[in-house]
Amino acid sequence: MSSDCSKLQTAILEGTGIPVMKIAGEVDVYTADQLKTALNQVIVFGAKDLVIDMGEVSYIDSHGFGTLLEVTRILKSRGGSLNLASCSASIERLLRITKLDMTFGIFQNVGGAIESMTAESV
């Protein structure tokens with residue numbers, strides 16, 4: 001089996017004061033390092049809070065969740081947090097089963113995730 005990083009695409013959307021990373025494709029053993037690199041680029045530039053738009057994520061495995069947990073740990077050490085937005089029903093179910101819904105903020109859409117973070121800082 002070969003590594004196929006073309007299965008994952010990331011983009012940073014700014015303009016709201018809180019960076020939003022849009023992820024599309026599969027987050028698995030083959031693409032988790034690519035996701036980690038993209039997330040680290042946001043962190044290096046000083047992000048305290050981060051929203052990840054999961055609306056186009058078709059699959060995520062334990063490697064992907066591990067990457068999100070690492071980023072959460074870094075953001076929490078800065079007094080920030082990570083919110084996930086637009087998760088599919090199957091991903092939300094996995095988050096509930098693994099109790100990761102207690103670690104990440106889970107929101108129906110990006111707007112709600114951003115609003116939650118801006119309300120916390122007021």
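What are the residues whose amide H is under 5 Å from the amide H of SER88, where those residues sit 5 or more places off or on another chain and H is modelled from the backbone?
Here nothing satisfies the definition.
What FRET efficiency comes out for the pair LEU13/GLU92, r = Cβ-Cβ distance, R0 = 25 Å, nearest 0.05?
Once the sixth-power term is evaluated, E becomes 0.70.
Need one number: the % of Cα-Cα pairs in the range 54-103 sitting beyond the 17 Å mark.
Taking all Cα-Cα pairs of the range 54-103, the fraction more than 17 Å apart is 32 percent.
Please determine, in degrees from 0 to 90 and to the nearest 10, the orientation of helix 32-44 with respect to the longest principal axis defined by the Cα atoms of the chain, where the helix direction is its Cα long axis.
Taking Cα atoms only, the helix is inclined about 20 degrees.
What's the angle, to the nearest 10 degrees (0 to 90), between helix 110-120's Cα axis and the longest principal axis of the chain?
Here the helix axis deviates by roughly 40 degrees.
Convert each backbone phi in the range 51-68 into a coupling constant with the Karplus relation 6.51 cos²θ - 1.76 cosθ + 1.60 (shift: θ = phi - 60°), then list the ³J(HN,Hα) values in order as whole Hz, x for Gly and Pro.
These are the phi-based 3J(HN,Hα) values: 10, 10, 7, 9, x, 10, 7, 8, 7, 9, 10, 4, 5, x, 5, x, 4, 5 Hz.
Please identify every one of the trypsin sites (Lys or Arg not before Pro) in the range 61-122 that sits in a loop by DSSP and has no more than 11 other beta carbons within 10 Å of its own beta carbon.
Answer in residue order: LYS99.
Please list, in chain and number order, the residues 5+ apart from ILE52 or on another chain whose amide H is under 5 Å from its amide H, with Hs placed from the backbone.
MET21, ASN83, LEU84, ALA85
Along the three principal axes, how long is the range 18-120 when you take its alpha carbons, biggest first, rounded to the nearest angstrom?
Largest first, the range 18-120 extends 29, 26, 22 Å along its Cα principal axes.
In the chain, what % of DSSP beta bridges are antiparallel (nearest 5)?
Counting DSSP beta bridges with both partners in the chain, the antiparallel share is about 30 percent.
Say the dipole of the chain comes from +1 at the beta carbon of Lys and Arg and -1 at that of Asp and Glu; which of ALA24, LEU35, VAL71 then lies farthest toward its positive end?
VAL71
I need the chymotrypsin sites (Phe, Trp or Tyr not before Pro) found in the range 1-105, filtered to DSSP loop residues with at most 10 other beta carbons within 10 Å of theirs.
PHE45
In nm, what is the difference between 0.36 nm times the number of residues separating TYR59 and THR118 and their Cα-Cα distance?
Taking TYR59 through THR118 to full extension adds about 18.3 nm, to one decimal.
Can you work out the Karplus-derived ³J(HN,Hα) for every residue in the range 72-88? Use 6.51 cos²θ - 1.76 cosθ + 1.60 with θ = phi - 60°, whole Hz, and x for glycine or proline.
4, 4, 5, 5, 5, 5, 9, x, x, 7, 10, 10, 9, 10, 6, 5, 5
Every read-out reported here was derived from the displayed coordinates using simple, explicitly stated rules and does not represent laboratory data. Nothing here was measured: the structure is a model prediction, and the numbers come from that model. Backbone-built Cβ (ideal geometry, glycine too); neighbour counts: all protein chains shown.
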